[in-house]
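First comes the structure, then the notes that go with it.
The values are calculated or read from the model by the stated rules, or taken from the named source; none is laboratory data. These numbers were taken from a predicted model, which means no experiment stands behind them. Cβ: placed from backbone, ideal geometry, glycine included. Neighbour counts: every protein chain shown. The protein model used for the area step is the full one, side chains on, heavy atoms only, and it has no ligands, DNA or RNA in it. Shrake-Rupley method; radii C 1.70, N 1.55, O 1.52, S 1.80 Å.
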Amino acid sequence: MAAFGTGAGRPLGGRGGSAGFRFTLYALLSVIVMYLDQRAHYLEQVRYVLQAAAYPLELAVNSPPAAWRWVKESLQTRESLEAENTRLRANARDLELRAMRYEALARENGELRGLREAVPPVADRWLPAEIVNIQLSSLRQRLLLNRGVANGVFKGQAVLDDKGLIGQTTHVGPWSAEVILITDPEHAVPVRVERTGLRTIAVGAGDTASLALPYLPGNADIKSGDLLVSSGLGGVFPEGYPVARVTEVHRDAVQPLAQVRAAPLAHVDTDSEVMLVWFRADHPAAPAPAAGASGELKGGNPAMQPQATAPKSHAAPQATPPAPPAPRSEPSHPLPTQATAAAHAPAPGGGQEAPAAGAPASAPAAAGAPAADSPPAAAAVPGQGQP
């Protein structure tokens, strides 16, 4: 066994080639394999089979680290996604609020531009006001504005929008004002028909879509589609500002008045802002001052003064007729004095006194008529008309 062991170790050591010989052999073999693979592609199938056999081993070796990385990335991705979703939701809410605010500002800007363009030339200055409360019932049509005495608002001030009349202020507080709409049943607007110039009064019907014209006769020249503008009377609204458009005209032979309805041009139920207007008193279209309870104006226009008349010419007195005789132009009170003196004078013929019958009875006595033949005073009166 020792000999076998010694001999067994010896052939291994003696038969083995040197390192240089093995390197040369392996290098030559590699070159031959590469040449065959490059030229004839003999090793494609071998490479495919070896790759298929090695892939499960690579996958088994790399699976634990890959699984850990996947779990870690999944957790990080979920947290980042949740944080990103929260941030995006907040940004979306901010953008929505900003878009809504921009839309409101754009709408408000458009309304303000419309109000500015709709300011009548008679206006001296104007103030935009926001509607903070509205009452639109059949018995009460009112608005509440965020402007008051602190802003110069006064009772009875005209309120307009970019389309037509809204109403007028009725109660004014320090920072707010109540407005009665033209559609309120207690409100009336002096208007005129633009086509014909016919003046009448438009009364609120209790809804935001109609006005009534109850004081027009049946033969009034008005028809559907006519534009109603303010007449300038009443001391509140300027002249020529649009109020409503006629929608219905009904005439009945039995009733003396026509039944006329008109739709207000102002957007009473959709406006968010209106304007309070101050007018120039010297403008021709300014509202005429309203009369007081006695029917007289509280004040006139001091600029209107009486005009001097033309001087009379010297030839005018020559063209006038001559003055009547003195007895006709004198007053009648001296005649009773003369008649009284003649009545108490004694008669020339009979010595009797003539009765005092006034001036007509004393005329014959003064003329020297005989007293005996003179008739009584009552009978002598008719004869005084003779010369």
Problem set entry | E186-H171 pseudo-label distance in nm [points 7 Å out on the Cα-to-Cβ vector] | 0.9
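Cβ neighbours within 10 Å, averaged per peptide: list 200-207, 38-45 in order, most packed at the top.
200-207, 38-45
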For this session: Give me Rg over Rh for the range 119-270, both radii from the alpha carbons and Rh done the Kirkwood way, two decimal places.
Result: 0.99
For this session: Mind grabbing the accessible area of H250 for me, 1.4 Å probe, Å², rounded to tens?
Result: 100
Seminar exercise, completed: To the nearest Å², the heavy-atom accessible area per residue of the range 160-257 with 1.4 Å probe amounts to 44
For this session: Taking amide H positions as placed in the peptide plane 1.01 Å from N, state which residues far from Q141 in sequence (5 or more) or on other chains have amide H under 5 Å from it.
Result: L181
Problem set entry | Ranked packing of 147-157, 180-190, most packed first, by mean Cβ within 10 Å | 180-190, 147-157
Seminar exercise, completed: Under the 7 Å Cα-to-Cβ spin-label approximation, A281 and I32 lie apart by a distance in nanometres of 12.8
For this session: List the relative contact order of the range 165-269 as a percent without decimals, with contacts defined as Cα pairs under 8 Å and 6+ residues apart.
Result: 24
Exercise. What residues from the range 204-241 fall in the zone where the backbone N is under 16 Å from a label point 7 Å along the Cα-to-C-beta line of E194?
Worked result: 222-232, 238-241
Exercise. What is the magnitude of the charge dipole of the range 82-235 about its Cα centre, with +1 placed on the Cβ of each Lys and Arg, -1 on the Cβ of each Asp and Glu, and no other charges, expressed in debye to the nearest 20?
Worked result: 200
Problem set entry | Efficiency of FRET from Cβ geometry, W70 and R107, R₀ 35 Å, rounded to 0.05 | 0.10
Problem set entry | HN-Hα J in Hz across the range 52-65 - Karplus 6.51, -1.76, 1.60, θ = phi - 60°, x for Gly and Pro | 5, 6, 7, 4, x, 5, 4, 5, 5, 6, 8, 5, x, x
Seminar exercise, completed: One finds, for S138 and Q259 with R0 = 25 angstrom and r their Cβ-Cβ distance, a FRET efficiency to the nearest 0.05 of 0.85
Problem set entry | Extension gain (nm, one decimal) between T24 and L57, 0.36 nm per residue minus Cα-Cα | 8.7 nm
